[in-house]
Each structure stands twice: as structure tokens, then as C-alpha cells.
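> I'd like to ask you about the structure that follows.
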Amino acid sequence: MIRGDPARAGQAYEEARRLAESLDDMRGLIGALNDLGSVALGRGAGREAIHLHGQAVSLAQQSGETDLLIAGLASLGAAEYQEGRTEEAGRRYQQALDLLQRAADEGTEAILRNNLGLVRQSAGDVGQAEQLFRQAIALNQAAGHPAAEASNHVNLGILAEERREYEVAEREFERALELDKVAERRAEIADDLLRLGRVAERRGFPDRGLAYSERAYRSHLAQGNQPQAIAALTFALDCARRLGLVAEVARFEKELNGLARASSGR
């Protein structure tokens, strides 16, 4: 999908859709519909995204384009999941996985297994979710996709955190941080740091929670991610208060007030 302004991307994909229709280019039309659906989902228009991806899936089924059908089912499942239609999303992901058994595409299979794991997690089937996340890790390792593997480890860490298995969660988040650094995913690196800070604090180490959350704050701030920076700084402030660090508390409060003023002045 085109990066940048979603409105301009949407215009470009709409032009691509019209061009594909004029040329009777079925593959181009299916791709454009999926791209338009992704743009719609990105701006929060889930129902529109479901409609567009649904059209793409129908056309791919009619034309026998298996690769585009798999992509369409995965995108349709993501849109349904965002709209809270988890059962439908699970069925789409499973349909796509069944089709993938005949096509050796480890990267796509890993994405589908990860997403199906999220569906199982939301349904309370933690054991199945964990199994799917681990399957996705194995596939991403084989395919050499560190960014996707990092997301799998984050999901495993969240599962462990929900079970209060904080040492396990910490190991998963540490691995995610390593992989996100390899992939140079700056926003995800900052998120990993804050997750590590949260787990450290819950394990009874507010000093480590403070160190991690301050690093997360500096990273988000350098990237211009102000809401995330405020969240990380607020957590760092809580840790500093717990530790009785008067100077740090004063410094964090001053920075937090400055960020709040800058945010309200926008």
C-alpha cells in the first residue's frame, strides 16, 4: 500500500480500480479493491473495508486467482476482527490457511496464524492462541522476517502477562525488542521498552521499570509520538514516586506539564 496521505492513496487506488475495469484486468481490479479496503480500515471505516474486501474475495473466487483470494481473505478477516466480528474473522483466516496448504508461502501463513491466534485469544482459548503464535514464530524464523516474529513474541508476552507469568513475559518482550532493533522499527522499539518497564514494575523492580519507561519516553519523544511519550513519562513518574526519588519526580512533573501544555496548544 502507498505510504503517506491516506486521502491521496485512496484517490490513487480508485484511479487504479477504474483503469483495471476499463481494461478488464481482473487481477488489477482485485488488487485495487483490497488496497481501497486497507485505506478504509486505516481511517477507521471498518464496514466500508469489509464491503471492499468482500468484493475482492468474490471476484478472486470467480476468477480462480488463489493468491489474491488468500490475500483478500486475510484482509477481510482483519477488517472483521477490527469491527469485533471475531468468529467471522476466524473463519476467514482458517479458509486462507486451508488454501495455503497448497502454496508454500511461509510469510503469509505466519501472518494468518498470528491473526488467528489473536482471534482465539479474544475468545478465551489461550492454549490454542499460544500454539498459533509459536507456529507463526517458527514460520517467520524460516522466512527470515524479524519484524513479524517480533510481533509474535509481543503477543506471547501479553498472554504470559495476563496469566501473571511475568518472567516469561519479560523474556518474550526482550526478544521482541532485539528483533525490532534488527528490523529498525522505531515505534515498536519504544513500545517494547514500555512493556518491559511495566513487567519489571509488576515483578517488584520499580527501578528497572523507571529505567525502561524513561527510555521509552525518550524514544517516543524523539519520533514525535506525543501521546505515547506522555503515557511512558506518566509511568516513569509513578515509578519515581514509588522509589521516593524527589529530584526525578520534580523533573518528570515539569516535563509532563510541558508536554500537556504543548498538546493543548495544538
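> With the checklist (1) in contact with a Lys or Arg (Cβ under 7 Å, 6 or more places away or on another chain); (2) crowded, with 18+ Cβ neighbours inside 10 Å in hand, flag the one item Arg113 doesn't pass.
(1)
> Could you run through the stretch 85-118 and say how many residues are among the aliphatic types (A, V, I, L, M) and either touching a Cys at 6+ places or on another chain (Cβ under 8 Å) or not in a helix (DSSP H, G or I) (or both)?
Number satisfying all stated conditions: 2.
> In the list Ala150, Ala136, which residue meets the criterion of being closer than 18 Å to Ala78 by Cβ, buried (at least 22 other Cβ atoms within 10 Å of the Cβ) and of a type outside the set (S, T, N, Q)?
None of the other options fit; the residue is Ala136.
> Thr66 is checked against (1) at pLDDT 90 or above; (2) among the hydroxyl-bearing types (Ser, Thr, Tyr); (3) surrounded by fewer than 18 Cβ atoms within 10 Å (Cβ to Cβ) and fails just one. What number does that condition carry?
(1)
> Which residue out of Arg164, Arg171 is outside any helix (DSSP H, G or I) and either surrounded by fewer than 20 Cβ atoms within 10 Å (Cβ to Cβ) or more than 15 Å from the chain's Cα centre (by Cα) (or both)?
Arg164
The values are calculated or read from the model by the stated rules, or taken from the named source; none is laboratory data. Owing to the predicted nature of the structure, the values given are computational and were not obtained by experimental measurement. Every residue, glycine among them, receives a Cβ derived from its backbone with ideal geometry; neighbour counts consider all protein chains shown.
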